[in-house]
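**Q** Just passing along the structure, written as C-alpha cells.
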Amino acid sequence: MDRRDFLKRLSAATATMGLAACTSDEKTKEIIGTESKKPNGEMTYRTVPTSGDKVSLLGYGCMRLPTVQHGSAREQKDIEIDQEELNAHVDYAIAHGINYFDTSPVYCQGRSEHHMGIALKRIPRDKYFIATKLSNFAQEFWSREASIKMYHNSFKELQVDTIDYMLLHSIGGTNGEYNSTQTFEKRYIENGILDFLLEERAKGKIRNLGFSYHGDIAIFDRALAMHDKCKWDFVQIQMNYVDWLHAKEVNPANTNAEYLYAELEKRNIPAIIMEPLLGGRLASTLSFIAAKLKARRPEDSIAKWALRYLGSFPNVLTVLSGMTYMENVKENIDTYSPVEPCTEEELALLEEVAQAMLRYPSVPCTGCQYCMPCPYGINIPGIFQHYNKCINEGNVSISSQDENYAEARRAFLMGYDRAVPKLRQADHCIGCGMCKSHCPQNIDIPKEMQRIDKYVESLKQSMD
Amino acid sequence: MKSKFLKYARVLCAVVMMLSIVTLFCDTTGIARHYLGWTVDIQFLPSISAGLIAAFVSTLVVTKLFGRIYCSVICPLGIFQDFIARLGRLTKKQKIKYSYSEEKLWMRLIIAVLFIASYLICAYPIVGLLEPYSIFGRMATTLLAPVGRFIAEYLAASSEAAGDYTFAMPAALNYSYVMLGIALFSLVLIAILAFRGGRTYCNTICPVGTILSIFAENSVMKPVVDHDKCVKCGLCAKKCKASCIDAKNGIVDSSRCVDCMNCISVCHKEAISFSTSSDKDKTPNIIKRIKDSIKKKGQKDVNASVATDESKRAFLTVGALVMGSAMTKSMAKTFDGGLAEITEKKEPQRNDRITPPGSKSYKHIEEVCTSCGLCITACPNEVLRPSESLDSLLTPVMSFEKGYCRPECKRCSDVCPTGAISLADLAEKSATHVGHAVLIADNCISMKKGVSCGNCARHCPAGAITMAPTVNGDETSPKMPVIDSQRCIGCGACEHLCPSSPYSAIYVEGHRVHRID
C-alpha cells in the first residue's frame, strides 16, 4: 500500500466513524429526552367549594425543608435551613404551578415559618396560598393568651396580613396525663380558641379554616359533628394506599383512610392529604415488591405510584409532600402535571403491594420529629429510619441460618453507626416514656427502642 | 563487581517487616492480626513473655549462626533507625560519614544488667522503657495509630458517601499524653543518635542488642575482611552504621555488627564477604573483653542517660483539661426536632484499676506487659487506655466513658504479643470477673427522681442486676438496682449505659486478681 492509498483509506474510515458517531448521538438525545423531568403539561388544580380557591394538586410541605447540613445531618443538633436552596425550590414550584405551601410554628425546630416567610415574600401575594397551624401542643401554650400570641406570631413570621388556610394542628392526640378528649378540650374549646378562630375567619384574617387529625377517631367524629357550627372549609388527613384499608395493621391506633375520606366526601369537605408516602416508606420498598410496580410501568418511580393513587380521588384537594431535594420537587410536579389517575387494575395492584409490604415489621415512624428532642439525647427518628431502611433493603434477618445473614448483619450494624452516633443509639433509651405522648402515630417508642436494641445486641453477639 | 545482593535482601526484608508492623498498629479492623500478628510475636522480649520457646530459640540460633541479623530485619526500632540514618545521609549536603569507635563496654553492661535485674526484681516499667520493641510500640501507638485512624476515617467517609459497607468508621483511640511524652522523649533521643551516628542506640544502649551480642560475638558467619584484597581505604568503616569496623586492622566487631551488609556492598575490592570467620577475625568474647577493659583501667565515667521520670510528669495534666459541659439541658418541648446535648461522662475515682479480661491479675500484667500499646490501638470499643499511674505505668487499663467491654470481643487478647492479655475463648472471657459494680445511690435517677429506668439491669450480660422497690413490699415505690457482686463480671455495660452524667450512678471497681468461674 503506498502513501496515497493509505490516506484514502484513512479518510474513508474517518468518515464512517463520524457517521457512526452522529447516529449514536441521536440515540443518546432520545434517552436524555425521556429522563429529563420537564413537566409534560399543566398542573392539575382542584377547587375549594367554600372559598372557590383553585389549589394545585401538589402542595409544598414545609416540615422537611432543605438544610445546610444536607443529607449528612448525622448530628443535626442545630439545623440550619438552606434559604438559598429553599428559594430555588419555591421559585421552581411557583413557576410550575404549585400554589399551596403548608407550614407550622413547630416545624424545623420552629424555623419553618420564618424561612417560608422570607422565601414567599419575593412572590406576588396572589400567586400562592399559605397554610399554617395553631400548634399549641405544649401545655404552656394552652392558655388563651399564649395561643393567640402564637397565632399572631405566625402572621409576623410569614410576613402576611391574611392566612389562607389555618388548621387546628393534629387533633386526636393525648398530652401527658390528659386523654385525647381532655387534650382537645383544653387546647381549643375551654380557652375559646376555636371561637376566636371562627371570628378571625369571619373578619377575613383567615380565609379557610380546618383541622388536621391523627390518632383517636372519636375526636375526628366529634370535630365533624361540629361541622354545622364551624363550617370546616377543609380537613387534613393521613391517606395513602396502605392506610386506605390497612391503617390498623400499620398502627393499631389509626383509622382506615377509607372511612375518613368517606366521612369528608359525605359532607362535601375537601381532603388535604398528609403522609402520602407514609414517611418515605412508599418511596422505596423491598426490591421484589418494587418489581411488581416496575413491571407495570418501568419508568415510573415508586413514589409516583403513591401520588397518582391519591390524585385518583376527586375529593382530594391537595397532596402535601415534604420535598427536601430539588429532584423530589421536579419529579412530584411531573407526576401531577397533569395527574394521570390510576385505572381499576392499577388500584388493585397497589392494594396487592400494600398487603405485601405489611408482612415486614417496620416501625410506622414518619420521621416527623414531634418526639424530639429526647432528654437523654437519643435520636429516635434516626434509629427508626435506619431500621425501616434495612427492612426495606432486606437487611434485617430473623435467623442466623438466613442466606445473606453475614452481609445483612454488616450492613445493619455499620449503617447503624453511620446513621446514629453511638451515644444516641437505642441502648441508651431508659424507657422514661416522655416521648410517647408526642407521637402522632402512637408508636410505643420505648418498647420499639428496646426491641431494636435487643436485635442489635443479638447481631453484635453473633459476630465472629 | 560489588556484591549488593545481601544488602538488598536485608533492605527488602526490613521494609516488609516494618510495613507489617506499622500496618498492625494502624489497623482498626482486627484483620491485620490474622496475617501479620507473627511479626510482633517473634520479637525478643514478647516471645519470652508469651513463652514462645520456638521463636526465642530460633532467634538465638540464628544469631549464633549469622550474627545480629535480628537487629536489622526483625526489630522495628532497628529498622526505624536505619530509616532515620538514611535520611541523615540524604539531607546533609556532605553525607554523614561514620567512623569506627571503641566499644562502650561498661555502659552496655550496666544497662543490660539493669534490664535483667529489673526483670528479675519485677521493676517492670524499667524493662518496658528500655526494651526496643516496646519503645517502638509506644511511638507507633501515639504517633502512627492516629494516622491510621485518619486514613480509616477517610475510607469510611468515602465508602459512606458511596453507600458501600466495605469500610467501617473506626473506634476512637484513647489517647494518652503521658504515653506520648514518653514516646516523644525516646523518639527524639533515638532519632538524634540515629541521625548522627547510625546505630548508636543498638550498640550502646539496647539491652536486647547486648544480650544478642553475646551470641553474635563468635557467630559462625560474619562479614570477614580478606586481608589480601583489602587496601585499607576505610570506605567500609565510613559506611558502617554500627561503627564496628576497625579498618586499620581489618576487623569487624561482630558483637556490635547488625549484619546490614553495607560494607560488603560498598567495598570496591570485594575484600569483605559474608562468610565463616577464622580465629584471627573473631571478636574476643565478653569475658575477655571485660578483663581487657579492667586491665586498661580506662575506666570512664558512665553517665547512663537513663530517662528521668520527672520530665515526663509535665505531660500528665495536659490531657485532663478537656471537660464535658454542665448537666443535660432538659430542653422545653416547645418545638419539634433537634437533639439534646449529651453531657460527656467522666471517669470515676476508682480505688482499684480495672485490667482487661485475660490479664489474670495486676501482678501478671505488670510482669508480662511491655507496654507497647498494641492492645490500645486494637480496642474497638474505646475501652482500653494506658495507665497513667506510676506503679502500672503505660500498661492497659479499662474505663467505660465511651463504650464498654463487649462480650463478643477479645481483640486485645488476639493482638497481645507477650501473653499479658490472653484468653482462650469468649467463654473464658464471660467467666472472668475483672471487677464488680458499685452503686452510687445519689446519682441514680430511678431512686432519686422516681424515673422509670433500669437501663443497667436491662443490659447486664451477666444478669447481675435486678431492679427492686426502694420500700420493702411496696411495688409502686421508686426502683433501685440491686447488684449481685458474685455474678458481676465488671464489663462496664451498666456504667456506660447509665443515664446519669457526668458520673454514672453505678461504676466498676477493679479486682487485683481476676476471679474465674
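**Q** Of all the residues that make up segment B:467-517, how many are in a strand (DSSP E or B) and over 9 Å from B:Ala437 (Cβ atoms)? Write out each step before concluding.
**A** Kept after step one, since they are in a strand (DSSP E or B), are these residues of segment B:467-517: B:467-469, B:479-483, B:506-516.
Right, trim to over 9 Å from B:Ala437 (Cβ atoms) and you get B:467-469, B:479-480, B:482, B:510-516.
Matching residues across segment B:467-517 total 13.
**Q** Given the condition touching a Cys at 6+ places or on another chain (Cβ under 9 Å), buried (at least 20 other Cβ atoms within 10 Å of the Cβ), among the hydrophobic types (A, V, I, L, M, F, W, C) and more than 20 Å from A:Tyr336 (Cβ to Cβ), answer yes or no: does some residue in segment A:143-162 qualify? Write out each step before concluding.
**A** The first filter runs over segment A:143-162 and keeps only residues touching a Cys at 6+ places or on another chain (Cβ under 9 Å), leaving none.
No.
**Q** State the number of residues belonging to segment B:379-391 that are touching a Lys or Arg at 6+ places or on another chain (Cβ under 8 Å) and either in contact (Cβ under 8 Å) with a residue 60 or more places away in the chain or closer than 23 Å to B:Ile31 by Cβ (or both).
**A** Looking only at segment B:379-391, we keep the residues that are touching a Lys or Arg at 6+ places or on another chain (Cβ under 8 Å), and these are B:379-383, B:387, B:389.
From what is left, the residues that are either in contact (Cβ under 8 Å) with a residue 60 or more places away in the chain or closer than 23 Å to B:Ile31 by Cβ (or both) are B:379-383.
Number of matching residues: 5.
**Q** Moving to a separate point now. May I ask you to say which residue of A:Ile273, A:Ile333, A:Ile269 is among the β-branched types (Val, Ile, Thr) and in contact with a Phe, Trp or Tyr (Cβ under 6 Å, 6 or more places away or on another chain)?
**A** Working: A:Ile273 fails: in contact with a Phe, Trp or Tyr (Cβ under 6 Å, 6 or more places away or on another chain); A:Ile333 fails: in contact with a Phe, Trp or Tyr (Cβ under 6 Å, 6 or more places away or on another chain).
The conditions single out A:Ile269.
**Q** Give the residues of segment A:426-436 that are crowded, with 19+ Cβ neighbours inside 10 Å and more than 10 Å from chain B (Cβ to nearest Cβ), sorted by residue number.
**A** A:Ala426, the sole residue that qualifies.
**Q** When only residues in segment B:429-461 that are in contact with a Ser or Thr (Cβ under 8 Å, 6 or more places away or on another chain) and surrounded by fewer than 19 Cβ atoms within 10 Å (Cβ to Cβ) count, which is farthest from the other protein chains (Cβ to nearest Cβ)?
**A** The residue in question is B:Ile440.
**Q** For the structure I just gave you, tell me whether B:Ile42 is closer than 21 Å to B:Leu130 by Cβ and either without any contact (Cβ under 8 Å) to a residue 40 or more places away in the chain or among the hydroxyl-bearing types (Ser, Thr, Tyr) (or both). Give the steps one after another, and end with the answer.
**A** Numbers: closer than 21 Å to B:Leu130 by Cβ: yes; either without any contact (Cβ under 8 Å) to a residue 40 or more places away in the chain or among the hydroxyl-bearing types (Ser, Thr, Tyr) (or both): yes.
For B:Ile42, the condition - closer than 21 Å to B:Leu130 by Cβ and either without any contact (Cβ under 8 Å) to a residue 40 or more places away in the chain or among the hydroxyl-bearing types (Ser, Thr, Tyr) (or both) - is met.
**Q** Give all pairs with beta carbons closer than 8 Å in which a residue from segment A:344-366 that is touching a residue at least 12 places away in the same chain (Cβ under 8 Å) and among the small types (Gly, Ala, Ser) meets a residue that is surrounded by 14 or more Cβ atoms within 10 Å (Cβ to Cβ) and part of a loop (DSSP other than H, G, I, E, B); count only pairs at least 6 apart in sequence or on separate chains.
**A** Cβ pairs passing all conditions: A:Ala354/A:Tyr241; A:Ala354/A:Val242; A:Ala356/A:Leu286; A:Ser362/A:Arg281.
**Q** Something else about it: Going by the conditions given, is A:Leu307 part of a helix (DSSP H, G or I) and not polar (S, T, N, Q)?
**A** Numbers: part of a helix (DSSP H, G or I): yes; not polar (S, T, N, Q): yes.
It is true that A:Leu307 is part of a helix (DSSP H, G or I) and not polar (S, T, N, Q).
**Q** Cβ-Cβ distance below 6 Å, separation of 6 or more or different chains: which pairs start in segment A:207-229 with a residue that is over 15 Å from A:Thr181 (Cα atoms) and end on one that is in a helix (DSSP H, G or I) and charged (D, E, K, R)?
**A** A:Leu209/A:Arg201
**Q** Moving on to the next point. Could you look through segment A:363-377, keep only residues that are over 17 Å from the mean Cα position of the chain (by Cα) and buried (at least 19 other Cβ atoms within 10 Å of the Cβ), and pick out the one that is nearest to A:Leu320 (Cα to Cα)? Can you show your working first?
**A** Of the residues in segment A:363-377, the ones over 17 Å from the mean Cα position of the chain (by Cα) are A:372-377.
Subsequent filtering for residues that are buried (at least 19 other Cβ atoms within 10 Å of the Cβ) retains A:372-374, A:376-377.
Working: A:Met372: 22, A:Pro373: 25, A:Cys374: 27, A:Tyr376: 32, A:Gly377: 30 Å.
Residue satisfying both the conditions and the ranking: A:Met372.
**Q** Looking at segment A:421-430, which of the residues that are outside any helix (DSSP H, G or I) and at pLDDT 90 or above is farthest from B:Pro170 (Cα to Cα)?
**A** Residues of segment A:421-430 that are outside any helix (DSSP H, G or I), as a first pass: A:421, A:425, A:429-430.
Retained after the next criterion (residues that are at pLDDT 90 or above): A:425, A:429-430.
Numbers: A:Gln425: 17, A:Cys429: 24, A:Ile430: 27 Å.
Taking the candidates together, the pick is A:Ile430.
**Q** A further question follows. Would you check if A:Leu134 is in the same structural domain as A:Asp216 (by TED's automatic domain parsing), out of contact with any Lys or Arg (no Cβ under 7 Å at 6 or more places or on another chain) and within 19 Å of A:Gln236 (Cα to Cα)? Before the answer, list the steps.
**A** Numbers: in the same structural domain as A:Asp216 (by TED's automatic domain parsing): yes; out of contact with any Lys or Arg (no Cβ under 7 Å at 6 or more places or on another chain): yes; within 19 Å of A:Gln236 (Cα to Cα): yes.
Yes, satisfied.
**Q** Are any residues in segment B:250-284 out of contact with any Lys or Arg (no Cβ under 9 Å at 6 or more places or on another chain), over 25 Å from B:Pro207 (Cα atoms) and either in a loop (DSSP other than H, G, I, E, B) or not assigned by TED's automatic domain parsing to the domain that holds B:Ala9 (or both), and if so, which ones?
**A** Across segment B:250-284, the qualifying residue is only B:Ser278.
**Q** Would you point out which residue out of A:Ile452, A:Ile443 is in contact (Cβ under 8 Å) with a residue 60 or more places away in the chain, more than 11 Å from chain B (Cβ to nearest Cβ) and in a helix (DSSP H, G or I)? Give the derivation first.
**A** Working: A:Ile443 fails: in a helix (DSSP H, G or I).
When all the criteria are applied, what remains is A:Ile452.
**Q** Can you list the helices (runs of 4 or more DSSP H) found entirely within segment B:385-466 that contain at least 3 residues being touching a Phe, Trp or Tyr at 6+ places or on another chain (Cβ under 7 Å) and assigned by TED's automatic domain parsing to the domain that holds B:His511? Even if it seems obvious, please write down each step before you answer.
**A** Numbers: elements: B:411-415, B:426-430, B:445-449, B:455-459.
Helices (runs of 4 or more DSSP H) meeting the threshold: none at all.
**Q** Here is a list: A:Glu393, A:Glu457. Which entry is more than 9 Å from every other protein chain (Cβ to nearest Cβ), surrounded by fewer than 20 Cβ atoms within 10 Å (Cβ to Cβ) and over 30 Å from A:Asn136 (Cα atoms)? Let's see the steps before the verdict.
**A** Numbers: A:Glu457 fails: more than 9 Å from every other protein chain (Cβ to nearest Cβ).
Answer to the selection: A:Glu393.
**Q** If I filter segment A:334-343 for residues that are closer than 24 Å to A:Lys389 by Cβ and crowded, with 22+ Cβ neighbours inside 10 Å, do I get at least one hit?
**A** The first filter runs over segment A:334-343 and keeps only residues closer than 24 Å to A:Lys389 by Cβ, leaving A:335.
Subset that is crowded, with 22+ Cβ neighbours inside 10 Å: A:335.
Yes, that holds for at least one residue.
**Q** Sticking with this one: Give me the pairs, please: first residue somewhere in segment B:94-106 and under 21 Å from B:Lys291 (Cβ atoms), second residue anywhere and at pLDDT below 85 and polar (S, T, N, Q), beta-carbon distance under 9 Å, and either six or more positions apart or on two chains.
**A** B:Glu103/B:Ser293; B:Leu105/B:Ser293; B:Trp106/B:Ser293; B:Trp106/B:Gln299
**Q** Given segment A:95-192, what helices (runs of 4 or more DSSP H) lie entirely inside it while holding 1 or more residues that are over 26 Å from the mean Cα position of the chain (by Cα) and touching a residue at least 12 places away in the same chain (Cβ under 8 Å)? Steps first, answer last, please.
**A** Numbers: elements: A:107-110, A:112-121, A:144-158, A:180-184.
Correct list: A:144-158, A:180-184.
The values are calculated or read from the model by the stated rules, or taken from the named source; none is laboratory data. Just so it is clear, the model here is predicted, and its values are computed rather than measured. Note that each Cβ is placed from the backbone with ideal geometry, even for glycine, and that neighbours are counted across all protein chains shown.
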